[in-house]
1. Under the Karplus relation 6.51 cos²θ - 1.76 cosθ + 1.60, θ = phi - 60°, what is the ordered set of whole-Hz ³J(HN,Hα) values for the stretch A:219-231, x standing for Gly and Pro?
2. May I ask for the distance between the Cα centers of the stretch B:146-167 and the stretch B:113-134, given as a whole number of Å?
3. With a point put 7 Å past each Cα toward its Cβ, work out how far B:ASP171 is from A:TYR9 in nm, to one decimal.
4. Using only the alpha-carbon atoms of the stretch B:58-149 as identical scatterers, what base-10 log of I(q)/I(0) does the Debye formula give at q = 0.10, 0.14, 0.23, 0.24 Å⁻¹?
5. What share of all Cα pairs of the stretch B:169-314, in percent, falls into each consecutive 10 Å distance bin?
6. Compare the Cα positions of B:PHE135, B:GLY20, B:GLY114 along the charge dipole of the stretch B:1-160 (+1 at Cβ of Lys, Arg; -1 at Cβ of Asp, Glu; about the Cα centre) and return the one farthest towards the positive end.
7. What ranking of B:LEU170, A:LEU127 emerges when the number of other C-beta atoms within 10 Å of each C-beta is taken as an exposure proxy, fewest first?
8. So what J values fall out for the stretch A:153-169 if you push phi through Karplus, 6.51 cos²θ - 1.76 cosθ + 1.60 with θ = phi - 60°, rounded to Hz, Gly and Pro as x?
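Bear in mind these aren't lab numbers, they're just calculated from the coordinates by the rules spelled out. Predicted, not measured: the structure shown is a model, and the values here were computed from it. Positions of Cβ are generated from backbone atoms using ideal geometry, with glycine treated the same way; all protein chains shown enter the neighbour counts.
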Amino acid sequence: MAIPYKKQYVKSDGRKLNRSGPRDMQARTVGSYTPDTSMVELLTNQLTELRAEILAMKSRSGDAAPAGFFSPEQVDEEIRKAVEAAVAESAISFKGDTKNADMAPLVHEYKKQIVELQRGNDNLTKLHASITKESGNLKEKIAKLEAEMVDVVELKKQIAVLEQELVGKGEMVEMLKTRPAILEGEIFTDPDRPQMEQVFVDPLEEDAGKGMKATINIETVVKDEEVGDKVNKLKDLLGKLPNK
Amino acid sequence: MSKGVGLDIGTNMLVAATIGEEGKPVFKMQRDAFYRIVPKSEVNRNSIKKALTKRAFNFIEDSDGSFVVVGEEALETAIERNDVAKRPLRRGVISPKEKDSLPMLKLLIENLLGKGNGDTNLVYSVPAKPIDGIFDIVYHTEMMGGYLGQMGYRAQPVNEAFAIALSELLDEGLTGICLSFGAGMVNTAVIHQGDPLVEFSTTRAGDFIDIAAGNALDISPSLVQLEKESGVDLNNHETKIMEAVAVYYGSVIKYTLENVAFELIRRKKDLPIFREEVSMILSGGLTLAKGFSGKVRDVLSTIELPIKIGEIKKAGDPMTAVANGCLLAAQL
């Protein structure tokens with residue numbers, strides 16, 4: 001059924017429809033077509049030949065598909081193989097997912113250990129840095145000590161020289177000690193040298209205080225202690241009074 | 001056990017120690033201060049004697065007719081007459097310049113001890129050589145020994161601070177530092193296993209406090225002394241006198257301990273190495289003040305000593321510790 005439409009129709013936007021519909025276009029195409037009969041004939045002959053060849057092949061190999069083509073059975077076979085392969089692949093993927101679920105805690109644990117190891121590694125890095133620094137300091141100290149050791153050796157040599165010089169001085173000191181020497185305002189002499197006897201004269205007259213008459217009352221206090229125990233302890237510790 | 005006698009001859013107090021019947025120590029104390037009253041007439045003499053007897057004062061009638069009030073009452077009498085009591089000892093020792101006092105001293109000692117039988121051991125305390133004054137310790141030691149010999153005793157001197165060690169450091173093996181805060185001086189001794197290594201004295205003590213506080217407040221040192229001996233609280237002063245006394249107490253404690261530190265550092269090479277802390281014993285009349293040990297502790301925390309001080313403790317009886325040490329020494 002043809003669809004009538006008005007020629008020279010002016011649309012609402014002002015355009016005029018003039019010989020531009022589909023049938024106008026078809027008419028223009030058909031009108032300009034000039035069939036090439038020789039070509040058509042050639043192609044028709046080739047088709048005929050090919051059809052005859054296919055039929056001959058079919059008659060030789062039964063249902064077998066011609067070379068370069070799949071038989072329906074082969075296509076079916078290939079599809080089945082492909083489906084099986086796809087199923088197998090999806091099964092493996094599924095198994096893998098299942099295993100992943102079972103391994104989750106282990107993986108979590110491994111991840112934690114990895115974090116710990118990373119931390120440990122960081123610490124070791126820091127330790128290494130500090131040890132390197134400390135090592136530098138120690139090397140400096142060792143260098144200083146080695147320098148001081150040189151000084152010590154030098155001082156030992158000087159001491160040895162001084163000790164050598166001191167030999168025989170002891171006798172000289174002993175000899176000098178026998179001479180009077182003033183020390184802190186007091187004169188010390190050789191203990192063997194005769195010394196002035198210390199004499200103390202009582203400034204009181206012989207009868208001083210003889211006419212005195214005392215009226216004195218003195219209270220006594222008795223302490224509740226055992227003198228004997230203390231004396232025994234003192235004898236153990238001291239024996240007798242020091243002569244000082 | 002022999003019956004030796006101990007005698008502490010202090011500037012302010014004479015303390016005799018003997019052993020009683022039951023083997024317990026017996027102490028007799030007499031303040032060695034005196035005040036002479038010279039009567040103007042025979043009538044006056046009789047009335048003075050009556051008054052002294054009525055007031056139960058201890059006194060001596062001298063051959064020249066005068067009266068010598070002795071002991072505690074001498075201070076009271078001196079204050080009544082706006083005067084100062086005399087002492088036979090000055091800064092812990094007798095002096096030929098005070099020879100008028102010597103008969104009184106002899107009489108006071110004789111009253112304390114009684115006569116010896118010529119064979120009785122007597123150990124008496126003597127001060128150590130002062131580091132801040134010049135006076136003759138040897139003269140004092142020899143004269144006292146002579147007087148005690150005349151009284152019938154075989155007298156032997158012992159250092160005052162060492163006597164404290166004999167009394168108070170027996171449980172510490174006679175190792176420690178002893179300080180005797182007396183009236184005339186402060187005696188110090190460092191003892192190691194019974195060996196007195198360092199002995200010295202300083203001359204700022206109780207009398208210094210009395211004189212300094214008296215000068216500061218323009219009052220008699222004897223009055224300051226009586227007030228002081230009625231009881232001092234170094235952390236709580238109720239009167240102006242007590243306030244002044246507390247101030248000078250602080251000065252004496254600081255001066256003494258700084259000098260102890262100075263002497264110990266100076267004599268460091270003579271001292272053994274004290275590996276452990278040693279006790280410090282405080283004795284003498286000044287230590288009776290409340291808060292005394294605390295003040296010593298405070299000052300010690302500010303100074304460095306070559307010896308570590310452990311316990312700081314007062315002697316069992318600060319007034320009799322020296323005499324007790326002398327008594328124990330007299331038994332050896």
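1. 6, 10, 10, 9, 9, 7, 9, 9, 5, x, 4, 5, 4
2. If we compute the Cα centre of each part, the gap is 4 Å.
3. The answer from the label model is 13.5 nm.
4. Calculated log10 I(q)/I(0) at the listed q: -0.33, -0.63, -1.27, -1.31.
5. Answer for the stretch B:169-314: a P(r) of 11, 42, 30, 14, 3 percent.
6. Farthest along the dipole direction, towards plus: B:GLY114.
7. A:LEU127, B:LEU170
8. 3J(HN,Hα) across the stretch A:153-169, in whole Hz: 4, 5, 5, 4, 4, 5, 4, 4, 5, 5, 4, 4, 5, 6, 4, x, 6.
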